[in-house]
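Submitted below is the structure of interest, expressed as structure tokens.
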């Protein structure tokens, strides 16, 4: 039976994790290495790390942090942030990254996605799509960390990226980001129904019930969250956490949840 | 020393680390003398069938691999694409494989609109053993492993299939025949189940 993936997303700003609300006003959360270790120790399904200033600084994801996390974790690890060349992807994969996330450069040059898929394989290529609802009520894709409007509709863009060879779409609602007020389920559904490749829903998770809404109502193949796994309580105290299998099973059903209660391996090095 | 064949693209560091945790030192190489001296060989999991086969061919490795694996019976582990290369043919690139396992590699094809399973098959899926054997020793009855693939194999000979998984259709998740071992999933990315699996492989293959 295939399981629904529940994926923490870490936003890296220089050397620390930041958590935004609606793509603004980041709050420093802590060390990315530490967070990755905690999630690895909790046996989570997968980890996504996005270097959110790499693009504007004209570089790729922070190599040192990426390789240290890759070295210490035994789960699939997806990395994004400023990726524009095949060589950057090659170096990331050699460092132990499994999949790369392309966002702004896919908008600037869609052919790059095809080139990357042809060299590295579709299952290595995730296209990250950030979406905001305009004042007209229509949804629009934004690039450059949510700063540049593209004029693209999310479903059409997702379909184009699928045609180019993307293996998966990471769909983030900018309006729900950091709010923990629930996913934008109608948006997720329109995009997921438009493509045959998996869609990861992101932006707005605040309770485990939201995961069920994204999957059953939104047809997402996987659910991702940032704030939900980094904060706790009404004052948003920083506390790295992940739902218990029993809570996930209650909302997703036992057969769609991967039970992680097999003995957890100790970390590969002392710290 | 275990040699992990290098056919071009992808994440091999995790395989090296996974094997190290399982008690075996491995090196990434495509050099004849490394392959000839290897106590075990790994065909890793990323790339394309036709391109990988062409790399082996142009590297002059096909004959050497056949001699080591089929002749000298050196243990070999194929992961994902690596296992697919054991088959006789793949739709991916319409290319001939190594032919060490009778069967072929085919793309997932699903009808059914929005309810059809998504392709690639990405994520954790439960695996069901087909027979008792060393590979799934000390693992729970339906262990989950991480899959990332758009193609799957179909074996002519059911006896080589060590485990199956369901994703829209039933397909072989692992094969084992003598010194030949293969997994469609990525044990190096499957947390504790994967670590246990690699440890079982290393012990079954007499590598540690």
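Let me have the relative contact order for the stretch A:9-59, percent, based on Cα pairs under 8 Å that are six or more residues apart. Provide the component values of the computation, followed by the final result.
On the way: 55 pairs, mean separation 22.3, N = 51.
RCO, the stretch A:9-59: 44 percent.
Determine how many Å³ per residue the convex hull of the Cα atoms of the stretch B:86-138 encloses.
On the way: hull volume 7.6 nm³, N = 53.
In the stretch B:86-138, the Cα hull volume divided by residue count equals 144 Å³.
Taking the Cα-to-Cβ direction at residue B:154 and at residue A:115 and moving 7 Å from each Cα, how far apart do the two end points lie in nm?
Placing both labels 7 Å beyond Cα along the Cβ direction yields 3.7 nm.
With springs connecting C-alpha atoms under 10 Å apart, model chain B as a Gaussian network and identify which of B:17, B:170, B:73 has the largest mean-square fluctuation.
Residue with maximal mean-square fluctuation among B:17, B:170, B:73: B:170.
Here's something else I'd like to know. Kirkwood hydrodynamic radius for chain A: how many Å is it when counted over pairs of different Cα atoms? Mind showing how you got there, number by number?
Values: mean 1/r = 0.0543 Å⁻¹.
Taking every pair of different Cα atoms in chain A, averaging 1/r and inverting gives 18.4 Å.
While we're on this one: Calculate, axis by axis, the spread of Cα positions in the stretch B:57-208 along the three principal axes, and write the results as whole Å, longest axis first.
The Cα atoms of the stretch B:57-208 stretch 49, 39, 25 Å along their principal axes.
What distance in nm separates the two pseudo spin-label positions at residue A:181 and residue A:56, each 7 Å out from Cα along the beta-carbon direction?
That separation, rounded to one decimal, is 2.4 nm.
Got a sec? How would A:246, B:166, A:51 order by Cβ neighbour count within 10 Å, fewest to most? Working shown, then result.
Details: A:246 12, B:166 15, A:51 26.
Ordered by Cβ neighbours within 10 Å, fewest first: A:246, B:166, A:51.
May I pose another question? Where does each of B:109, A:159, A:258 land when they are ranked from fewest to most other beta-carbon atoms within 10 angstrom?
Values: B:109 11, A:159 17, A:258 26.
Lowest count first: B:109, A:159, A:258.
Given points 7 Å out from each Cα along the Cα-Cβ axis, report the residue A:254 to residue A:14 separation in nanometres with one decimal.
Placing both labels 7 Å beyond Cα along the Cβ direction yields 5.0 nm.
If you scale each eigenvalue of the Cα gyration tensor by 5 and take the root, what three semi-axes come out for the stretch B:1-69, rounded to whole angstrom and sorted largest first?
Taking √(5λ) for each Cα gyration eigenvalue gives 19, 16, 8 Å.
Now, a different point. Over all pairs of distinct alpha carbons, what does the Kirkwood formula give as the hydrodynamic radius of the stretch A:81-197, in Å?
Final number for the Kirkwood radius of the stretch A:81-197 is 14.5 Å.
Calculate the radius of gyration of the Cα atoms of the stretch A:69-135 to one decimal place, then report Dmax, the largest Cα-Cα distance, as a whole number, both in Å.
Cα radius of gyration and Dmax of the stretch A:69-135 are 12.8, 45 Å respectively.
Taking 2.2 N^0.38 Å as the expected size of a compact globular protein, what ratio does the Cα radius of gyration of the stretch A:160-254 give against it, to two decimals?
Details: Rg = 13.7 Å, N = 95, 2.2 N^0.38 = 12.4 Å.
That ratio works out to 1.10.
To make sure I understand, if each residue's beta carbon is the centre and we count other beta carbons within 10 Å, what order do A:140, A:71 fall in, fewest to most? The partial results should precede the final answer.
On the way: A:140 18, A:71 15.
Ascending number of Cβ neighbours within 10 Å: A:71, A:140.
Nearest 500 deg cm²/dmol is fine: what mean residue ellipticity at 222 nm does chain B get from its DSSP H runs of n ≥ 4 alone, each adding -39,500 (n - 2.57), divided by its residue count? Display every interim value, and only then the final one.
Working: 6 runs with 48 residues, N = 208.
Per the formula, -6000 deg cm²/dmol.
Let me ask another. Can you give me the three principal axis dimensions of the stretch B:115-188 from its C-alpha atoms, in Å, biggest first?
Each principal axis gives a Cα extent; for the stretch B:115-188 these are 37, 28, 19 Å.
Provide the three semi-axes, in whole Å and in decreasing order, of the ellipsoid equivalent to the protein assembly as shown as defined by the square roots of 5 times the Cα gyration tensor eigenvalues. Walk me through the numbers on the way to the answer.
Numbers: eigenvalues 261, 105, 95 Å².
That gives 36, 23, 22 Å for the three semi-axes.
Only the coordinates and a few stated rules stand behind these numbers; no lab work does. What you see is a predicted model; the values in this text were computed from it and never measured. Quick reminder, even Gly has a Cβ in these numbers, built from the backbone with ideal geometry, and neighbours come from all protein chains shown.
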